[in-house]
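Only the coordinates and a few stated rules stand behind these numbers; no lab work does. Keep in mind that this is a model prediction, so the values were computed, not measured. Please note: Cβ atoms are built from the backbone with ideal geometry, for glycine as well, and neighbour counts cover all protein chains shown.
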Amino acid sequence: MDGIINLYKPKGYTSHDAVARIKRFCNTRRVGHAGTLDPMACGVLPILVGKAAAAQEYLMNHDKTYLAGMRFGVVTDTGDVTGNILSEKKVAISKDELCAVCENFKGEIMQTPPMYSAIKVGGKRLYDLAREGVEVERKARKIEIYGINIVSQESECDFLVEVSCSKGTYIRTLCEDIGEALGCGGTLFSLERISCGDFKKEDCVTLEELQKLFEEGDTDGIEKKLASPEKVFSHCPVIKLSAFYSRLCKNGCEIYLKKMGISPDRFEKDDLVRLYDSDGVFFALGKIGDFREGRAVKAAARFID
């Protein structure tokens, strides 16, 4: 089986747990995921099966949308309610007050990754160091918040907030920073990812549905849940290669645009394209780059040998 499952990860599962289940259902060891979700979080988790796993790093670059439960007046060591409370005070935040503060976080901002994250420092995950009581300096990263909308006010201090953002955004840190700007601190009480690129919550399949198909021996049913990489990258431009250039590309060679009669100015460096062979078969995701003789395309993720 090769393709991408738009999985709805339930609370209480790690992303690794979800991958382990999919390996069993699809009877393959080659399975990855696009964008880790914490055990307390639920929602859209694209699972890459078989040869589709080659596209993992490119799917992780997609923009994401979250529904975050933000609680103000509470600060924890993890940035969410699973951690130890560091400070707590009774507050009453109005919707208008929160909206005004959130405006300051829209656009490009610098964000420091939290200690409870999967980033590696010196070969160790930050969350492992945090559990050992070790805190290390983290460099702030540029992220972009496309939108912050207040969905509802649940209490004097609890809000549901929809956040659309770029890759690399930590919603826990965003909540903490908004709480700090309000002067009372903040932490997450819930988190749901409702989209990851073209993958939407309403199109998700659950582990229970896949389990049922697996128990019934319905492998065709499981395969129907797999989206093709071609569909996922349908927004990328197309380059069709001749039989000669297809063979070279599949062997790892860069193919110069000018040799194919394509203007080098048509694409920017690092652009992604869909590569089709002379038979019209989509076989790889290509990446545009600058090489010794000029601008060229090279297979970045191959889906067919």
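Here r is the Cβ-Cβ distance between Lys259 and Lys231 and R0 is 35 Å; the resulting FRET efficiency, rounded to 0.05, is 0.75. Backbone geometry of segment 254-263 corresponds, through the Karplus equation with coefficients 6.51, -1.76 and 1.60 at θ = phi - 60°, to 3J(HN,Hα) couplings of 7, 10, 6, 4, 5, 6, 9, x, 9, 5 Hz, x marking Gly and Pro.
If the chain linking Ser155 and Asn27 were pulled fully straight, counting 0.36 nm for each residue of separation and taking away their Cα-Cα distance, it would gain 41.4 nm. I'd like the orientation of helix 171-182 relative to the chain: the angle between its Cα long axis and the longest Cα principal axis, in ° from 0 to 90, rounded to 10. It is inclined by approximately 40 degrees. One compactness figure for the chain is 1.14, namely its Cα radius of gyration divided by 2.2 N^0.38 Å. Here, segment 1-116 has an Rg and a Dmax of 18.0, 53 Å when only alpha carbons are counted. With contacts taken as Cα pairs under 8 Å and at least 6 residues apart, segment 224-305 reaches a relative contact order of 30 percent.
Counting only DSSP beta bridges with both residues in segment 181-305, the antiparallel share comes to about 85 percent.
From the alpha carbon centroid of segment 223-287 to that of segment 289-305 is 9 Å.
Shape class of segment 173-305 from the alpha-carbon gyration tensor: oblate, with a/c at 1.5 or above and b/c at least as large as a/b.
The value of relative contact order for the chain, using C-alpha pairs under 8 Å at least six residues apart, is 21 percent. Spin-label model, Ala243/Lys11: points 7 Å from Cα along the beta carbon direction are separated by 5.9 nm. Between the helical axis of 15-26 and the longest alpha-carbon principal axis of the chain there is an angle of about 40 degrees. Per residue, the Cα convex hull of segment 71-217 amounts to 161 Å³.
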